[in-house]
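Chemist: Handing you this structure, nothing more for now.
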Amino acid sequence: ANNATTLDIPITVQSTSTAGSIGTAQSICYNTTPSGLSNVSSPTLGTGSYTYQWQSSTDNSTWSDIGSATSITYSPGALTSSTYYRRGATSCGTAYTSSVLVTVYGDLTAGSVGSSQTICYNATPSGLTNSSSPTGGTGSYTYQWQSSSNNSTWSDIGSATSITYSPGALTSNTYYRRAETSGSCGTVYTASVLMTVQSNLTAGSIGSAQTICYNTSPSTLTNSSAPTGGTGSYTYQWQSSSNNSTW
């Protein structure tokens with residue numbers, strides 16, 4: 001009998017598939033752009049030729065393809081909420097990298113301080129309190145109080161870096177606000193509060209000196225000039241003295 005032998009047919013088995021890896025987790029400020037997601041290690045699967053598709057997720061569970069994001073790396077745009085990313089690589093099937101999370105800090109918003117006051121000339125206003133604290137940013141804040149005479153041009157107040165501030169005596173109208181800085185997430189400012197300083201109270205003047213006879217009545221003491229300053233409203237009390245010292 002004749003014996004026949006079949007030809008050997010090689011079966012090539014591709015190497016074990018791995019998805020590769022991408023970038024690292026980041027924390028960024030609200031509405032800013034994270035660093036690009038790099039190719040830390042390339043995939044090894046299938047034929048060695050790959051197509052890529054980046055995906056995003058808000059919960060690391062439900063994923064959506066990102067349109068036109070088909071390169072080995074990906075640069076997200078500005079973000080306003082925390083987002084997970086992963087890369088799909090396809091060649092004899094599809095494998096996905098581990099996800100990386102870009103954490104987005106909350107929008108940095110200013111708190112509020114005290115309330116406006118009206119005080120007398122050269123008097124000290126009540127301290128400016130922390131009515132509400134700032135929110136967002138990194139969650140950690142530094143403070144700098146500022147003052148202004150016109151609510152437009154502001155100057156830092158030396159050593160005024162606490163969450164509250166107590167001004168000294170004032171002789172002119174002054175606005176105050178608190179600058180609040182949160183790491184690299186920038187600086188925001190509270191609404192300003194105005195310390196209205198009433199003008200300096202002056203006494204005015206009365207009549208003039210007189211010389212009279214014993215047991216007679218002097219002329220009425222007139223209002224030569226009215227008082228000025230203060231609230232603009234006045235009450236009066238006349239006084240007398242025999243020695244111009246004790247009244």
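The values are calculated or read from the model by the stated rules, or taken from the named source; none is laboratory data. Just so it is clear, the model here is predicted, and its values are computed rather than measured. Here the Cβ is made from the backbone with ideal geometry for all residues, glycine too, and neighbour counts use every protein chain on show. Ligands, DNA and RNA are stripped out before the accessible areas are found, and what is left, the full protein with its side chains, is counted by its heavy atoms. Shrake-Rupley method; radii C 1.70, N 1.55, O 1.52, S 1.80 Å.
Chemist: Using modelled amide H (1.01 Å from N, peptide plane; none on Pro or chain starts), what sits under 5 Å from the amide H of LEU45, excluding residues fewer than 5 places away?
Modeler: Hits under the 5 Å cutoff: THR18.
Chemist: Rank ALA19, THR83, ASN215 by how far each Cα sits towards the positive end of the charge dipole of the chain (+1 on Lys, Arg Cβ; -1 on Asp, Glu Cβ) and give me just the farthest.
Modeler: Of the options given, the answer is ASN215.
Chemist: How big is the dipole moment of the chain about its Cα centre under a simple scheme where the beta carbon of each Lys and Arg is +1, that of each Asp and Glu is -1, and everything else is neutral? Debye, nearest 20, please.
Modeler: Using Cβ point charges on Lys, Arg, Asp and Glu, the chain gives about 380 debye.
Chemist: Of the candidates GLY114, GLY137, GLY204, which one comes out as most mobile in a Gaussian network treatment of the chain with C-alpha springs shorter than 10 Å?
Modeler: Judging by the Gaussian network model, the answer is GLY204.
Chemist: Let me ask something additional. Report the Rg/Rh value for the chain, based on alpha-carbon coordinates and the Kirkwood definition of Rh.
Modeler: Radius of gyration relative to Kirkwood radius: 1.51.
Chemist: Among TYR121, TYR84, TYR234, which one shows the biggest mean-square fluctuation in a GNM of the chain, springs joining Cα atoms closer than 10 Å?
Modeler: Of the options given, TYR234 has the highest mean-square fluctuation.
Chemist: Here is a follow-up. Mind listing the phi-derived Karplus ³J(HN,Hα) values for segment 27-41, rounded to whole Hz, using 6.51, -1.76 and 1.60 with θ = phi - 60°, and x for any glycine or proline?
Modeler: For segment 27-41, the Karplus curve yields 10, 10, 6, 4, 6, 10, 9, x, 5, x, 7, 8, 8, 6, 8 Hz.
Chemist: Another question, then. Can you pull out the cysteines in the chain that have no other Cys Cβ under 4.7 Å?
Modeler: CYS92, CYS120, CYS213
Chemist: Report relative contact order for segment 76-152 in percent, whole number only (criteria: Cα-Cα under 8 Å, sequence separation at least 6).
Modeler: 25
Chemist: Oh, and also: How long are the three semi-axes of the equivalent ellipsoid for segment 134-210, computed from the Cα gyration tensor as the root of 5 times each eigenvalue, in whole Å, largest first?
Modeler: Each semi-axis is √(5λ); the values are 41, 11, 9 Å.
Chemist: Continuing with this model, one more query. What part of the accessible area of the chain, given as a whole %, is carbon or sulfur when the probe is 1.4 angstrom?
Modeler: Result for the chain: 47 percent of the exposed heavy-atom area is carbon or sulfur.
Chemist: Something else now. As a test, work out the antiparallel percent of DSSP beta bridges whose residues both lie in the chain, rounded to the nearest 5.
Modeler: Here the antiparallel bridges make up roughly 90 percent for the chain.
Chemist: Here is a follow-up. If contacts are Cα pairs under 8 angstrom and at least 6 residues apart, what is the relative contact order of the chain in percent?
Modeler: This gives 15 percent for the chain.
Chemist: Restricting things to alpha carbons, tell me how big segment 53-193 is in terms of Rg and Dmax, in Å.
Modeler: 23.9, 84
Chemist: How many Å² of accessible area per residue for the chain, probe 1.4 Å?
Modeler: In whole numbers, the chain has 62 Å² accessible per residue.
Chemist: Right, next: Could you derive backbone 3J(HN,Hα) for segment 127-141 from the dihedral phi with the Karplus parameters 6.51, -1.76 and 1.60 (θ = phi - 60°), listing whole Hz in sequence and x where the residue is Gly or Pro?
Modeler: Here the 3J(HN,Hα) series is x, 7, 8, 8, 5, 8, 7, x, 9, x, x, 6, x, 10, 9 Hz.
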